[in-house]
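First comes the structure, then the notes that go with it.
The values are calculated or read from the model by the stated rules, or taken from the named source; none is laboratory data. Treat the numbers as computed from the prediction; the structure is a model and nothing was measured. Cβ: placed from backbone, ideal geometry, glycine included. Neighbour counts: every protein chain shown.
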2 protein chains.
Amino acid sequence: MKPRAVEKKKACTIADIAREAGVSKSTVSRALNDNPLIGDGTKQKINAIAKKRHFQINMPARRLTLKQSNTIAFVTHSMYKQFSVCDLFTMEILGGITSGLKEQGYDLLMLFVDPCDADWPAQHLAAGRADGFILMTSTRKQAHIKMLVEMDAPFIAWGIPHPKYSYCTVIGDDLTGGKLAAGHLAGLGRKRIAFLGGPSEEKEVSLRFEGYSTALQEAGLIVDPLRVVHGDYSDKSGAEKMRSLLDRAPDLDAVFVNSDLMAIGAMQVLREIGKRVPEDVAVVGYDNLSITEKVTPTLTTVSQNIPLVGKLLAQNLLQYIRTRAVTHTTVPVELVVRQSA
Amino acid sequence: MKPRAVEKKKACTIADIAREAGVSKSTVSRALNDNPLIGDGTKQKINAIAKKRHFQINMPARRLTLKQSNTIAFVTHSMYKQFSVCDLFTMEILGGITSGLKEQGYDLLMLFVDPCDADWPAQHLAAGRADGFILMTSTRKQAHIKMLVEMDAPFIAWGIPHPKYSYCTVIGDDLTGGKLAAGHLAGLGRKRIAFLGGPSEEKEVSLRFEGYSTALQEAGLIVDPLRVVHGDYSDKSGAEKMRSLLDRAPDLDAVFVNSDLMAIGAMQVLREIGKRVPEDVAVVGYDNLSITEKVTPTLTTVSQNIPLVGKLLAQNLLQYIRTRAVTHTTVPVELVVRQSA
DNA sequence: GATTCCACTGCAACCGGTTGCAGTGCGACT
DNA sequence: AGTCGCACTGCAACCGGTTGCAGTGGAATC
């Protein structure tokens, strides 16, 4: 434990600058914040000194007086007991969020919460660590939302809004997504198109199913309940449900899967039992994760423009914090055609 | 812009608690921090009131007086111009870091820096937003390290330490990794094992190559320079370099690839030209990203135990901040055998 | 020449904690 | 009884900004 190499050149404060410029702290503070009360000459002089001295404002001090942290917490949950590995979807969205926040001078805090913990909102909001939350957690999401609404905490969530609560949301256009996917498969001449959905209780899934049904009807096809199953978005569940789908409707020639991960699991099963993709069974996924370009065959999928989602989550949350305007944004989807369909 | 629904029940401060308990602010502060000066009775009374009032300490205030933020910044760079998509390796490490930090009561800040920006360390350290950095950026890493060392900023970096500077590092056991991978391939009876490395100037890559050479020699095989090429870790470069490898050594029957992403690119090329994996060419990757279980064939790879890496990065950095003890940790690697080899 | 106004600037309080030092009360020891 | 020490507790300053309000000087107006 050796002593500090360079005893730190004590941080330069506005008081130091004030002394050097021969003005008061208030003037320096105002000048640095470009307050119109301050004369141009003074401003320039102060800015020059600040630059020369490499002045860095002290964030905790500013946050203390301003009573806002200029920080947003990204909340998600640990995926595994011990170490948490974030899923791909969550990860890809992060880049978009930071880009949106940075433009407005906000910091991004990572927050991995225990799904059963009810204390994290207070620990961050009341404690002044964060001004708002971006909710990506799916486990027990409703419980968390209820809690946040009740304590009047600023937050925005990914997913279809709960009818009983009022809060900001960003969602994908699931109806159109389902229609695009199934329509594309029908357009390829497929006649027995299956639906491998996410959890049946999710509104998103119903909408995708509705889009799927519409597209089939428009193509003159019927929706056969035997060709409809539901999983939980994971690749494991994709494999499992694909098997039960093949049991129930062995003659299917296409499948619209509600997540890329499930689609990958499904394709593995198809390959195992000797069906070729896309020749025997065409597959369309959902999300357009970067992994879809790296699997074989590359996966045709519905793209949600995830970076845009992230950016909107950031921007709309900040807007809500400032104006309390509740927004619901639907981001457009598009079909990305690759090899699998 | 409607008025606040519930006009916020103004945050409870230690002054409020002091009033209610009939003691002074100092006593409350000490009691809450479990300072031995305070009597047990008083402590209990104060803790009870704090709980009842849902007291949350004000972080900015504490950070201001303590002059430390209890926050670590995770610094990486944007991968694309406009929106940044984090690469998988970076992302998987994040979970481990947060787990390590949380145990010690630290927050994790995400920091995406422009590789050419030289101002971010000051903007965060001097400004009191973060107490230290975890460096994962690879672009212009050396420049950033130099900068941080010169300003005596606490940080830890993933990768082999620069010989001229002294700072904390965590690295994988690349020598063993290379030996394990090549040894496994040799053990399968492969005779013409190629090496598809990362950037040739990286020390990590040299070590993996050394391990590879050692393993080949131990197996009685020769290292043929024609079977050695270098890429940049991306899947695109994996595909490209695989092609040049096949040009130069069309008879290869196995390849040790320095990253999973490159391995995936390489496998696509192999498939395109009609070579089967693993029958014709066995492939071993590096990193054990979660994606390796989802590709076909699943990828045999060298696992760096990424969650552990993250945890060590966090713990060793905090230790450095507290004691200025410079640590260099090598995390063990292991071979994960799957279908591709 | 006196008054008014305006454009700036400074004073001092405040945000909510932490901490050095100076009490305070009480039992113990001489 | 007097003194000392010990175990607590309180006072007040401080961290580094922001801001309401009062003050200053000079030009413009009457």
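Test of understanding: among B:Ala153, B:Ala130, which residue is in a loop (DSSP other than H, G, I, E, B), within 17 Å of B:Ile321 (Cβ to Cβ) and in contact with a Phe, Trp or Tyr (Cβ under 8 Å, 6 or more places away or on another chain)? Let's see the steps before the verdict.
Details: B:Ala130 fails: in contact with a Phe, Trp or Tyr (Cβ under 8 Å, 6 or more places away or on another chain).
Criteria check complete, one pass: B:Ala153.
Please go through segment A:160-216 and pick out each residue that is small (Gly, Ala, Ser) and either under 21 Å from A:Thr327 (Cβ atoms) or part of a loop (DSSP other than H, G, I, E, B) (or both).
A:Ser166, A:Gly172, A:Gly177, A:Gly189, A:Gly198, A:Ser200 - these are the residues of segment A:160-216 that are small (Gly, Ala, Ser) and either under 21 Å from A:Thr327 (Cβ atoms) or part of a loop (DSSP other than H, G, I, E, B) (or both).
Sort out which residues of segment A:50-61 are more than 8 Å from chain B (Cβ to nearest Cβ) and within 13 Å of DNA strand D (Cβ to nearest atom), and write them in order of number.
Of the residues in segment A:50-61, the ones more than 8 Å from chain B (Cβ to nearest Cβ) are A:50-53, A:55.
Selection gives A:Ala50, A:Arg53, A:Phe55.
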How many residues are of a type in the set (A, V, I, L, M, F, W, C) and more than 13 Å from A:Ile72 (Cβ to Cβ) if we restrict to segment A:91-105? 2
Are there any pairs with C-beta distances below 8 angstrom linking a residue in segment B:83-111 that is at positive phi to a residue that is modelled with pLDDT of 85 or more, with the two at least 6 apart or on different chains, and if so which? B:Gly105/B:Asn70
Taking segment B:274-298 only, how many residues are hydroxyl-bearing (Ser, Thr, Tyr) and touching an Asp or Glu at 6+ places or on another chain (Cβ under 8 Å)? 3
Select from segment A:290-332 the residues that are over 30 Å from B:Ile264 (Cβ atoms), within 13 Å of chain B (Cβ to nearest Cβ) and hydroxyl-bearing (Ser, Thr, Tyr) and list them in ascending order. A:Tyr320, A:Thr323, A:Thr327
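The rows are residues; the columns are (1) touching a residue at least 24 places away in the same chain (Cβ under 8 Å); (2) assigned by TED's automatic domain parsing to the domain that holds A:Phe256; (3) out of contact with any Cys (no Cβ under 6 Å at 6 or more places or on another chain); (4) not in a strand (DSSP E or B).
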position: A:Gly285; (1), (2), (3), (4): yes, yes, yes, no
position: A:Thr298; (1), (2), (3), (4): yes, yes, yes, yes
position: A:Tyr320; (1), (2), (3), (4): yes, no, no, yes
position: A:Ala325; (1), (2), (3), (4): no, no, yes, yes
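Considering only residues that are at pLDDT 95 or above and under 18 Å from the mean Cα position of the chain (by Cα), look in segment A:171-186 and name the one that is surrounded by the fewest Cβ atoms within 10 Å (Cβ to Cβ).
Restricting attention to segment A:171-186, the residues satisfying the condition of being at pLDDT 95 or above are A:173-186.
Those still in the list that are under 18 Å from the mean Cα position of the chain (by Cα) too: A:173-174, A:177.
Working: A:Asp173: 19, A:Asp174: 26, A:Gly177: 28.
By that ranking, first place goes to A:Asp173.
Could you tell me whether any residue of segment A:277-294 is among the β-branched types (Val, Ile, Thr), surrounded by fewer than 18 Cβ atoms within 10 Å (Cβ to Cβ) and more than 14 Å from the chain's Cα centre (by Cα)? Let's see the steps before the verdict.
Residues of segment A:277-294 among the β-branched types (Val, Ile, Thr): A:277, A:281, A:283-284, A:291-292.
Still in the running and surrounded by fewer than 18 Cβ atoms within 10 Å (Cβ to Cβ): none.
Scanning segment A:277-294 turns up no residue that is among the β-branched types (Val, Ile, Thr), surrounded by fewer than 18 Cβ atoms within 10 Å (Cβ to Cβ) and more than 14 Å from the chain's Cα centre (by Cα).
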Between a first residue in segment B:26-48 that is over 22 Å from B:Ala61 (Cβ atoms) and within 14 Å of chain A (Cβ to nearest Cβ) and a second residue that is part of a loop (DSSP other than H, G, I, E, B) and near DNA strand D (Cβ under 9 Å from one of its atoms), which pairs have beta carbons less than 7 Å apart while being 6 or more apart in sequence or on different chains? none
Qualifying residues in segment A:240-268 (those that are closer than 20 Å to A:Asp224 by Cβ and among the β-branched types (Val, Ile, Thr)) - the one farthest from the other protein chains (Cβ to nearest Cβ): A:Val255
Please indicate, with yes or no, whether at least one residue in segment B:218-237 is touching a strand residue (DSSP E or B) at 6+ places or on another chain (Cβ under 8 Å), within 13 Å of B:Tyr286 (Cα to Cα) and crowded, with 17+ Cβ neighbours inside 10 Å. no
Residue tally, condition within 13 Å of B:Ala130 (Cβ to Cβ) and not in a loop (DSSP other than H, G, I, E, B), over segment B:98-114: 7
